[in-house]
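Undergrad: Here it is: the structure, laid out below.
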Amino acid sequence: MSLKMRIALVTGAPLEDRSEIGAAYHTRALAEELVKTGLTVEIWSKAGVGRAAASGVPIVPVWRPGWWAWRDIFTAVRRRKPDILHIQYSTFVLDSGAAGEISMLLLLALLKVAGTNIVITVHDVPSLAQITPDYIRMHGYRFPAAIVRSGLRLIFLAIGLTARSIVVHHEVFAAILARDYAIDRLKIAVIPLIAPAHRKVGREQARTALGIAVDRVTPRPSRVVVAF
């Protein structure tokens, strides 16, 4: 009997008592759908940030945000040996400021040397043209625009050189990666975001979950319009 392919997804995980980055919720939904295809999947999340919310896949606290996140993740790769490491990348995902991006660069360099199979989903794809002094002031960065643009070129160069495949959720992002960061367009996969699978519940159960009295009578509207 063949063994299941093992995939580790690196990101934050949804927490019970506080919010997380949007990629955390996307990743949980993605992981739960991948399990249905017969794969073995686990999420490698931040350590020491709170209890993870309920999940259909194992959530393993692996890395501490900061300068040493690269070491935590690389150590987990060597010990747990996933067949594919899928990094959900967004700016400052491993920590706020320069520490997070430098940690990511170190991690990617080590993974490349180790021959790890890497897939990277890129959630933030700023074009170089939008990195202006106004953009710097709006986001509160402590570096001039020229330094930020150089940093973006460096991180996306590393992503392009190390990832076996790069996933984005819109064709616009693929075009920016190819045009501004010289990433091979054939390496980029565009996979649109879709609504995650969800459970249908009865009217009374939904009211209870939302804290609405079950016996409360609510007039039914004569027409309902749903806009997306």
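Undergrad: Starting from the range 75-103, keep only residues that are in a helix (DSSP H, G or I), then list their pairs with residues that are of a type in the set (Ser, Thr, Tyr) whose Cβ atoms are within a distance under 9 Å, requiring at least 6 positions of separation or different chains.
TA: Val77/Thr116; Gly100/Thr91; Glu101/Thr91
Undergrad: Then there is this: Can you tell me which residues in the range 34-47 are surrounded by 15 or more Cβ atoms within 10 Å (Cβ to Cβ), of a type in the set (D, E, K, R) and either over 15 Å from the mean Cα position of the chain (by Cα) or closer than 26 Å to Gly97 by Cα (or both)?
TA: Across the range 34-47, the qualifying residue is only Lys46.
Undergrad: Here's a check for you: in the range 48-65, which residue that is under 23 Å from Gly100 (Cβ atoms), under 16 Å from the mean Cα position of the chain (by Cα) and among the aliphatic types (A, V, I, L, M) is modelled with the lowest pLDDT?
TA: Ala52
Undergrad: Okay, next question. What number of residues within the range 1-60 are of a type in the set (S, T, N, Q) and in contact with a Gly (Cβ under 9 Å, 6 or more places away or on another chain)?
TA: The number of residues fulfilling the criteria is 2.
Undergrad: How do the pairs read when you match residues in the range 31-48 that are touching a residue at least 12 places away in the same chain (Cβ under 8 Å) with residues anywhere that are assigned to a strand (DSSP E or B) and of a type in the set (Gly, Ala, Ser), using Cβ under 9 Å and keeping only pairs 6 or more apart or on different chains?
TA: Val41/Ala8; Glu42/Ala8; Ile43/Ala8; Ile43/Ala52; Trp44/Ala8; Ser45/Ala52
Undergrad: Condition first: crowded, with 16+ Cβ neighbours inside 10 Å and not in a loop (DSSP other than H, G, I, E, B). Now tell me which residues in the range 62-74 satisfy that.
TA: If the condition is that a residue be crowded, with 16+ Cβ neighbours inside 10 Å and not in a loop (DSSP other than H, G, I, E, B), then Val62, Trp63, Ala69, Trp70, Asp72, Ile73, Phe74 are the ones that fit.
Undergrad: Taking the condition of being of a type outside the set (Gly, Ala, Ser) and either surrounded by fewer than 16 Cβ atoms within 10 Å (Cβ to Cβ) or modelled with pLDDT under 95 (or both), how many residues in the range 156-167 meet it?
TA: Counting residues in the range 156-167 that are of a type outside the set (Gly, Ala, Ser) and either surrounded by fewer than 16 Cβ atoms within 10 Å (Cβ to Cβ) or modelled with pLDDT under 95 (or both) gives 3.
Undergrad: Being under 13 Å from Pro82 (Cβ atoms) and surrounded by fewer than 19 Cβ atoms within 10 Å (Cβ to Cβ): is that true of Arg51 here?
TA: no
The values are calculated or read from the model by the stated rules, or taken from the named source; none is laboratory data. Since this is a predicted model, take the numbers as computed values, not measurements. Here the Cβ is made from the backbone with ideal geometry for all residues, glycine too, and neighbour counts use every protein chain on show.
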